[in-house]
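*Asks:* Here it is, the structure, as structure tokens.
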Amino acid sequence: MRFLVLLIFSVVNLISIAQTPQNFTDQVPALKRYAPTEVIDPEYGIQIYDKLIFNIGGDSVRFGKKGYNVQGWMEDFYTDGSVLHKGFYQDGQLKAFKNFYPNGVMERSFRITDMKHCEMVCYYQDSKIKSEMIYYESNIQKQTDYYENGVISYAEENEKNNEYLFRRNSYKDNGTPLIIFEIVDKKKRLYTHKEYYEDGKLKEEGSMLFLEGDYTKEGQWIYYDTNGKTTKKEKYHKGMVID
């Protein structure tokens, strides 16, 4: 009789459980959504995915809900539902992606162009190009930055193994130079260096040598005041003043 009572009680409980709506919300991880202030740096833009790009030196991987490395296409969203990120992943690392501002304009794009090269292009919120970077084996081989008016603000180009520079120039937003540093003799690794005042007048000029991993002054250097008058002349050899 006691067994029969327990059996009836169990059946009643099972029926009650079956009729009660089950809530599994707490058992399913919520999809992470991002506020713009969380992911957009006012100066550098959306950089939170860069650590997932092995080709530019990233050393992190992205995991899925079950703890496995993400494979294939993934999307992330802002809190308002607009798309933040579309990326193709292989073993948790990014191989190609696009990030977007909340207004739908692309913030940057990344792609691998061959076994050793990849490129990243960043944009302002009005779609104008902000910077272009070409990487060679995880090092920046060439970089060009732009002001919002489209004028180049910075231009750098390195030898492909990143051993020494070809050029590193910077400019004002009207296009006038601030610093010009360019190679003039690749065999000798000899450079010309010119620095300018804010008004565009020449401040100093001379030559530099790439010697034992460093850039040193070589030959005659001339310095000018704000009126263009020569204030000093010096002669160098391997970074040492000799005259």
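*Asks:* Lys and Arg at +1, Asp and Glu at -1: add these up for the other residues within a Cβ distance under 13 Å of residue 121 and post the number.
*Replies:* +2
*Asks:* Between residue 105 and residue 174, how high is the FRET efficiency from 1/(1 + (r/R0)^6) when r is the Cβ-Cβ distance and R₀ = 35 Å? Nearest 0.05.
*Replies:* Rounded to the nearest 0.05, the efficiency is 0.85.
*Asks:* Now, a different point. Local charge sum around residue 96 (other residues, Cβ-Cβ under 13 Å, Lys/Arg +1, Asp/Glu -1)?
*Replies:* Overall, the nearby charge balance is +4.
*Asks:* Taking the Cα centre of the chain as the origin, how large is its charge dipole in debye, to the nearest 20, when only Lys and Arg (+1) and Asp and Glu (-1) carry charge on their Cβ atoms?
*Replies:* The calculation lands at about 580 debye.
*Asks:* Can you check what the net charge comes to around residue 196, using other residues whose Cβ is under 11 Å from the Cβ of residue 196 (Lys, Arg +1; Asp, Glu -1)?
*Replies:* Within the 11 Å Cβ shell, the charges total -1.
*Asks:* Given labels modelled 7 Å from the Cα in the Cβ direction, how far is it in nm from residue 66 to residue 112?
*Replies:* It is 2.4 nm.
*Asks:* If you don't mind, another one. Can you tell me the alpha carbon radius of gyration of the chain divided by the globular rule-of-thumb value 2.2 N^0.38 Å?
*Replies:* Relative to the rule-of-thumb radius for its length, the chain sits at 1.66.
*Asks:* Name the aspartates and glutamates eligible as straight-distance cross-link partners of residue 194: C-alpha to C-alpha under 19 Å, and not fewer than 8 places from it in the same chain.
*Replies:* Straight-distance partners of residue 194: 156, 157, 173, 182, 185, 204, 205, 214, 218, 225, 234.
*Asks:* With a cap of 15 neighbouring Cβ atoms within 10 Å, and only residues DSSP puts in a loop, list the trypsin sites (Lys or Arg not before Pro) found in region 45-105.
*Replies:* Taking region 45-105 and a limit of 15 other Cβ atoms within 10 Å, the loop trypsin sites (Lys or Arg not before Pro) found are 65, 66.
*Asks:* If we sort 202-210, 235-243 on the protection proxy, mean other Cβ atoms within 10 Å, highest first, what's the order?
*Replies:* The packing order, highest mean first, is 202-210, 235-243.
*Asks:* Go through 209, 121, 138 and say which Cα lies farthest out towards the positive end of the charge dipole of region 111-243; charges sit on Cβ, +1 for Lys and Arg, -1 for Asp and Glu.
*Replies:* It is 209, whose Cα lies furthest towards the positive end.
*Asks:* Can you list the HN-Hα couplings for region 92-98, worked out from phi with the Karplus curve (6.51, -1.76, 1.60; θ = phi - 60°), rounded to whole Hz and with x for Gly and Pro?
*Replies:* Calculated HN-Hα couplings, in order: x, 10, 7, 10, 7, 6, 9 Hz.
*Asks:* In nm, to one decimal, how far is the modelled label at residue 83 from the one at residue 33, with both set 7 Å along Cα→Cβ?
*Replies:* Label-label distance for residue 83 and residue 33, simple model: 1.7 nm.
*Asks:* Related question: Tell me the chymotrypsin sites (Phe, Trp or Tyr not before Pro) within region 37-96 that lie in a loop according to DSSP and have at most 13 other beta-carbon atoms within 10 Å.
*Replies:* 44, 68
*Asks:* With the chain treated as a Gaussian network of Cα nodes joined by springs under 10 Å, which of 229, 187, 160 yields the largest mean-square fluctuation?
*Replies:* Among 229, 187, 160, the largest GNM mean-square fluctuation belongs to 187.
*Asks:* Residue by residue, what Karplus-based ³J(HN,Hα) values in Hz, rounded to whole numbers, does region 70-76 have, using 6.51, -1.76 and 1.60 with θ = phi - 60° and x for Gly and Pro?
*Replies:* 5, 10, x, 7, 9, 10, 10
*Asks:* For the chain, set up a GNM with springs between Cα atoms under 10 Å and report which of 165, 211, 178 has the largest fluctuation.
*Replies:* Between 165, 211, 178, it is 211 that shows the largest mean-square fluctuation.
*Asks:* List the residues whose amide H sits under 5 Å from the amide H of residue 34, counting only those 5 or more places along or on another chain, with H placed 1.01 Å from N in the peptide plane.
*Replies:* Amide H to amide H, under 5 Å and 5 or more residues apart or across chains, residue 34 pairs with 77, 78, 79.
*Asks:* Output wanted: per-residue J couplings in Hz (rounded whole) for region 167-177, from phi through Karplus 6.51 cos²θ - 1.76 cosθ + 1.60, θ = phi - 60°, x for Gly and Pro.
*Replies:* Using θ = phi - 60°, the values come out as 7, 8, 10, 9, 9, 7, 6, 9, x, 6, x Hz.
*Asks:* Rg and Dmax in Å for region 115-167, alpha carbons only: what are they?
*Replies:* That works out to 12.0, 36 Å for Rg and Dmax.
*Asks:* Longer than 32 Å from Cα to Cα, which of 32/130; 32/128; 130/238; 51/203; 128/160; 187/233 are they? Say none if no pair is.
*Replies:* 130/238; 51/203
*Asks:* Using label points projected 7 Å from each Cα along Cα→Cβ, tell me how many nm separate residue 119 and residue 238, to one decimal.
*Replies:* Here the modelled spin labels are 4.2 nm apart.
*Asks:* Using the alpha-carbon atoms, what tilt in degrees (0 to 90, nearest 10) does helix 2-19 show relative to the longest principal axis of the chain?
*Replies:* The helix 2-19 is inclined about 40 degrees to the chain.
*Asks:* Also, I was wondering about something else. Based on the Cβ-Cβ distance of residue 188 and residue 127, what FRET efficiency does E = 1/(1 + (r/R0)^6) give at R0 = 30 Å, to the nearest 0.05?
*Replies:* With a Förster radius of 30 Å, E is 0.10.
Bear in mind these aren't lab numbers, they're just calculated from the coordinates by the rules spelled out. Given the structure is predicted, the values throughout are model-derived calculations rather than measurements. So basically every Cβ, Gly included, is an ideal-geometry build from the backbone, and we count neighbours across all protein chains shown.
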